[in-house]
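Read-outs throughout are calculated quantities, based only on the coordinates presented, and are distinct from any laboratory measurement. Computed from a predicted model, the values in this text were never measured in an experiment. Glycine also receives a Cβ, built like all others from the backbone with ideal geometry; neighbour counts cover every protein chain displayed.
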Amino acid sequence: MAAFGKERSAGASPAPAPPVERSSFYREKDKNIRNSYLILFIMAAILALLGAAIGGAYGAPDIGVGVAFTIALFLGWWSWARGASTIMWMSGATQVDHNKEPMLYNVVEEMKIASGLPMPEVYVMESAAPNAFATGRDPERSAVAVTRGLLNKLDRDELQGVIAHEMAHIGNYDIRYAMLAAVLAGAIAMISDAFLRGGGRRRGPRGGNPILLLLAILLAVLAPFSAYLLQMAVSRKRELLADATAVQFTRNPEGLASALAKIALDPEPLEGANRATQHMYIINPVKSFSMSSAAMFATHPPTAARINALRKMGAQV
Amino acid sequence: MATSGFIFLGVLVAIILFVVAMYNSLVRLRQQVKNAWSQIDVQLKRRYDLIPNLVEVVKDYMSYEQETLQKVIQARGEAMKATKVSDRAQKEGMLTEALKSLFALSENYPDLKANQNVMKLQEELTSTENKIAFSRQFYNDSVMELNTKCEMFPSNIIASTFGFKQEEFFSIPEVEREPVKVNLR
């Protein structure tokens, strides 16, 4: 627990918090919408390259590109139209209302008011591991999900902090960016995987260019990896920003700080999460990454660093 | 000659676009302040509606605390009558105060704490208190943003030209800053 102690350095007296300006809450919004287009473009390029190389290995690069784009377009359209509910379904979450979960629903309503955003749909995942995430394409069509473990293990203030963090992701359009990143990285991984398995079983395709075959194998190995790196790099910074925005909503850094500590230290594994959705959660549910590593593969900054940053805000209030 | 004409035209268009953008952001802010105010209103009304239920459930258990219950009912009545922003803020603060002492007293009644209806009402009132606090926070942040724009150059020119006015903060007495802690565990 030492890492989560209140480390308030005696000498450094932080400047008082500047007056809060409402629009500054969502200063990352435009950047995220731009980034969504950028990631779309880069991943489309990776897809085209991958499609061309695989198609080339079979002697038809143009068909390869066509197939790759068809898959990506379909997945992109699907996530745009039904992304939130698909992700909720994949995570095994069920929608709840005020009657079923009065406290959770009330807390979401409170943060809706504090953030000035529309009301998201509220979901619960029946897992003992405490965690939460938000998704959707924009604030009007967004959803937050929390686990049963989160409801059982956190008190009201902590839950409020977690929901505030999720509302910050929604207001910043992190949800759109994260969803597109997940879908496209997923598509690239899927195509690469299918090629590597299929190619291996039939001892390599016939009639294709051997150099292109080698290139295709290389790309199939590297493409998912680079898509993954792209996905991770951006999401680390988003977490710190969402933590800060959450405090602007609740004006209570301690709630979120102690929630993060509880979630990170909880030993239960989360069943619904996997590599495709891990970056969406408030604390990375794929445990080996989350606690201490600040490596480039981590989707989140180290939790201790996040808690310290929050407690410093607390010292200012 | 032609180039300087184009430059003049370009600058003119840029200025017009700038003024339009600023005007629109002022309109958006004024609307936001209005919405925020009605949100406070919604939550305060919700509190008025919840209080009679609470008093009804609680009064059998707390027959010795007639005075406190009376204070809550009275504070509710006065708050409902207030119309001016500053007056309303003060009366609502008194109601919050009265509720706080009621909940503090309820700590002495274990039967009350175990009652399912009371627990439900408790959660609803806690949440309503929070919603009042957060809608006030959102209102005040919005008012601050609007007022800043009305004062700062160059948006102040546009604000005064089109008659945008500064709004009043929904402030509360210093003692009442802490949100009500309703704890019946």
Rounded to a whole number of µm²/s, how large is the Stokes-Einstein D of the range A:27-316 at 4 °C and 1.567 mPa s, given Rh as the Kirkwood radius over C-alpha pairs?
65 µm²/s
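In Å, what Kirkwood hydrodynamic radius results for the range A:35-105 from the alpha-carbon pair distances?
Working: mean 1/r = 0.0681 Å⁻¹.
After inverting the pairwise mean of 1/r, the radius is 14.7 Å.
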Suppose each label sits 7 Å from its Cα in the direction of the beta carbon; what would the A:Leu265-B:Phe6 distance come out to in nanometres?
6.8 nm
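What is the fewest-to-most order of B:Lys59, A:Lys29, B:Lys131, B:Lys91 by other Cβ atoms lying within 10 Å of their Cβ? Please list the in-between numbers first.
Values: B:Lys59 12, A:Lys29 16, B:Lys131 24, B:Lys91 20.
Final ranking by Cβ density, sparse to dense: B:Lys59, A:Lys29, B:Lys91, B:Lys131.
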Tell me the mean residue ellipticity at 222 nm calculated for chain B from its helices only (DSSP H runs of n ≥ 4, each -39500 (n - 2.57), averaged over every residue, nearest 500).
-27000 deg cm²/dmol
Cut-off 11 Å between beta-carbons: net charge of the residues surrounding A:Trp80, Lys and Arg +1, Asp and Glu -1:
+3
In terms of modelled amide H atoms, which long-range or inter-chain residues lie less than 5 Å from the amide H of A:Ala132?
A:Ile282, A:Ile283
Exposure-ranked with fewest Cβ neighbours within 10 Å first, B:Ser155, B:Ser101 stand as B:Ser101, B:Ser155
The range B:16-176: percent of C-alpha pairs farther apart than 26 Å?
41 percent
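Sort A:Ser36, A:Ser142 by Cβ crowding within 10 Å, fewest neighbours at the top. List each step's numbers first, then the result.
Numbers: A:Ser36 19, A:Ser142 24.
Fewest-to-most ranking of A:Ser36, A:Ser142: A:Ser36, A:Ser142.
What number comes out for the charge environment of A:Met103, summing +1 per Lys or Arg and -1 per Asp or Glu over other residues with Cβ under 11 Å away? Don't skip to the answer; put the middle values down first.
Details: positive: A:Lys100, A:Arg156, B:Lys120; negative: A:Glu101, A:Glu109, A:Glu110, A:Asp155, B:Glu123, B:Glu124.
So the surrounding residues net to -3.
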Measuring from label point to label point, each 7 Å out along Cα→Cβ, what is the B:Val19 to B:Ser86 span in nm?
3.6 nm
